[in-house]
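Peer 1: Next up is a structure, given as structure tokens.
The values are calculated or read from the model by the stated rules, or taken from the named source; none is laboratory data. Since this is a predicted model, take the numbers as computed values, not measurements. Every residue, glycine among them, receives a Cβ derived from its backbone with ideal geometry; neighbour counts consider all protein chains shown. Each accessible area value is taken on the protein alone, full model and side chains, heavy atoms only, with ligands, DNA and RNA left out. Shrake-Rupley method; radii C 1.70, N 1.55, O 1.52, S 1.80 Å.
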Amino acid sequence: MLARVSNIESFRRWRENEDQTVEDLVRFITTDEPSEAMLAGTAFHRALELAQDGEHQQLSANGYTFILGDGELALPEIRELRGYRRYGALTVTGQVDCTIGKMVHDHKTTARFDAERYLTGCQWKFYLEIFGADEFRWNVFEIKEVEPLTYTVSAPHRLTAYRYPEMGEDCARLAADYLDFARRFLPNHRSVAA
Amino acid sequence: MALKITRASDPITVERLNTVIYGPPGLGKTSLAFTAEAPLLLDFDNGSHRAANRKDAVLVSDWSDVAEMTADDLEPFKTIIVDTAGRALDVLTADIIKTNPKLGRGGALTLQGYGELKSRFTSFLKLLNSFGKDVVLIAHMDEQRSGDDIVERLDVQGGSKGEIYKAADAMGRLVLANGKRRLLFSPTDAAFGKNPGQLEPLLVPETSSPSFDGFLASVIQRIKDRLNEMTEAQREAMAEQQWFRDTLPEVADADAINALIERANAAGPACKVMLHNRAKEIGLIFDKSEGCYAEKQKAESEAA
């Protein structure tokens, strides 16, 4: 079975949330109905994927326009790379925004920067595993819609996490738990887009 | 308003560190901090007198006590300790309201006041970093309930907590287990940590033990050594990835791709993915039985 890292993260958060039902998580994983915030985030990722070196007042992609705040962003040239790693019967896949050497960069758009949310998540751990990297850097952009399809973007918050000795075991344990859940509740779902 | 995009720069050798140590009250965080190399403790918590091994400290009752610090003032010291970061923010909050009463209401900051707090605290951390010293931020632990579990967080107010997470190169928590104090850097499901030093759980020596003196100094040095090993590994990995980026566009057939498999395997997952993507681009598929790439039609006819 194949699983996106993002779906394993959804599973991890679902386990911690007493109010979410199994049906909620199954619906979230199996339906592809992006919210406006997700569409804007996807467009911003696309804009950064295509961005060249230099100063930019604004970036555009997928019909969205992003008005940029002051700041500096060092972007590696290897972008949008998909990798895979097996955990028993589960293959976990993720696509990094950028990678360089043993460092992975990930862009996030959000209404409000919340460092604890990123550090608590499992995504960075799986990405370090999948790409054999040691250091994970988030570039977190606070975005705000000012008119339809147009957003202002803050200078990026930069947050870092590192590989740690028990990380592989933590990922393997979570992957096994997800596989158990998926076998019971997602038996016919190939939980990653083709 | 502009965002400047540059290429990711070369790795930099680590000479100084920001370390966050957090834990419950009364476990000896200040005593532990005093075991850093040549420390100066900025005592916002007024607790340095209780430390078992007190060294130089500045008793801070007003932000002006630290606002004018210069490199010359700090010249004799190698580690600056902020004890505690939460209390430092309280002192800074009082200073912000004193300086501009409109930023406070009923003793608490307004939304704009919180923005000012975050901005000035970030500037303060940058000032300490600019002196080229190691910085240790001490924080109390806040226990929060998450379902049936207790999760451990930094007890620091508002958005400034995010600045501490951002500034931290390493983050460890001091815990008591079976009557022994331990310093843990790895994160868990219930606690934050940053462990770039790949450190095992560390037993903190008794304060009366000769090995207690210099304990945190040795921990910080181990983290620096490991980070600098990572820097060297980063240089090598970057060079190898660049080689594949330069070479792969010139590779146009199965033999040439297959000749690179061993090198890509040694270079790591990113290079393997790049090789695989190039193979797909030129119409090859991976033949698992042969362990190499082949032209799609040929591989399919042989399989049939």
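Peer 1: Out of (1) more than 13 Å from every other protein chain (Cβ to nearest Cβ); (2) under 14 Å from B:Pro24 (Cα atoms), the odd one out for B:Asp142 is which?
Peer 2: Status for B:Asp142: all satisfied but (1).
Peer 1: Answer yes or no: is there a residue in the range A:129-139 that is within 24 Å of B:Gly159 (Cα to Cα) and open to solvent by 50 Å² or more (accessible area, probe 1.4 Å).
Peer 2: yes
Peer 1: Can you pull out the helices (runs of 4 or more DSSP H) entirely within the range B:183-283 that have at least 3 residues that are closer than 17 Å to B:Met171 by Cβ and more than 10 Å from chain A (Cβ to nearest Cβ)?
Peer 2: B:215-247
Peer 1: For the range B:159-176, how many residues are more than 27 Å from A:Arg112 (Cα to Cα) and either within 17 Å of the chain's Cα centre (by Cα) or open to solvent by less than 40 Å² (accessible area, probe 1.4 Å) (or both)? Break it down stepwise before answering.
Peer 2: Taking the range B:159-176 as the starting set, the residues that turn out to be more than 27 Å from A:Arg112 (Cα to Cα) are B:174-176.
Adding the requirement that they be either within 17 Å of the chain's Cα centre (by Cα) or open to solvent by less than 40 Å² (accessible area, probe 1.4 Å) (or both) leaves B:174-175.
Adding up the residues that qualify gives 2.
Peer 1: Can you tell me which of (1) more than 8 Å from chain B (Cβ to nearest Cβ); (2) open to solvent by less than 40 Å² (accessible area, probe 1.4 Å); (3) of a type outside the set (Gly, Ala, Ser); (4) assigned to a strand (DSSP E or B) is the one A:Lys125 doesn't meet?
Peer 2: (4)
Peer 1: Another question about this same structure. I'd like the residue in the range A:80-106 that is within 18 Å of A:Val153 (Cβ to Cβ) and more than 10 Å from chain B (Cβ to nearest Cβ) and, out of all such residues, is nearest to the chain's Cα centre (by Cα).
Peer 2: A:Asp106
Peer 1: Show me the strands (runs of 3 or more DSSP E) entirely contained within the range A:66-122 in which 3 or more residues are open to solvent by 10 Å² or more (accessible area, probe 1.4 Å), closer than 27 Å to A:Val146 by Cβ and at pLDDT 95 or above.
Peer 2: Those strands (runs of 3 or more DSSP E) span A:103-110.
Peer 1: In addition: Would you pick out the residues in the range A:9-61 that are of a type in the set (Lys, Arg) and either in a loop (DSSP other than H, G, I, E, B) or open to solvent by less than 30 Å² (accessible area, probe 1.4 Å) (or both)?
Peer 2: Within the range A:9-61, A:Arg12 is the sole residue that qualifies.
Peer 1: Looking at (1) aliphatic (A, V, I, L, M); (2) away from every other protein chain (no Cβ under 11 Å); (3) surrounded by 15 or more Cβ atoms within 10 Å (Cβ to Cβ), can you tell me which one B:Ile150 breaks?
Peer 2: (3)
Peer 1: Within the range A:179-188, can one find any residue that is part of a helix (DSSP H, G or I), over 26 Å from B:Leu154 (Cα atoms), open to solvent by less than 10 Å² (accessible area, probe 1.4 Å) and out of contact with any His (no Cβ under 6 Å at 6 or more places or on another chain)?
Peer 2: Quick first cut of the range A:179-188, residues part of a helix (DSSP H, G or I) only: A:179-185.
Imposing the further condition that a residue be over 26 Å from B:Leu154 (Cα atoms) reduces the set to A:179-185.
Filter once more, so that each one left must be open to solvent by less than 10 Å² (accessible area, probe 1.4 Å): A:181-182.
In the following step, the residues that additionally are out of contact with any His (no Cβ under 6 Å at 6 or more places or on another chain) were identified as A:181-182.
Checked the range A:179-188: at least one residue is part of a helix (DSSP H, G or I), over 26 Å from B:Leu154 (Cα atoms), open to solvent by less than 10 Å² (accessible area, probe 1.4 Å) and out of contact with any His (no Cβ under 6 Å at 6 or more places or on another chain).
Peer 1: Further, regarding this structure: Output the residues belonging to the range A:117-159 that are among the polar types (S, T, N, Q), over 16 Å from B:Ala191 (Cα atoms) and free of Cβ contacts under 8 Å to residues at least 60 places away in the same chain.
Peer 2: Those that are among the polar types (S, T, N, Q), over 16 Å from B:Ala191 (Cα atoms) and free of Cβ contacts under 8 Å to residues at least 60 places away in the same chain: none in the range A:117-159.
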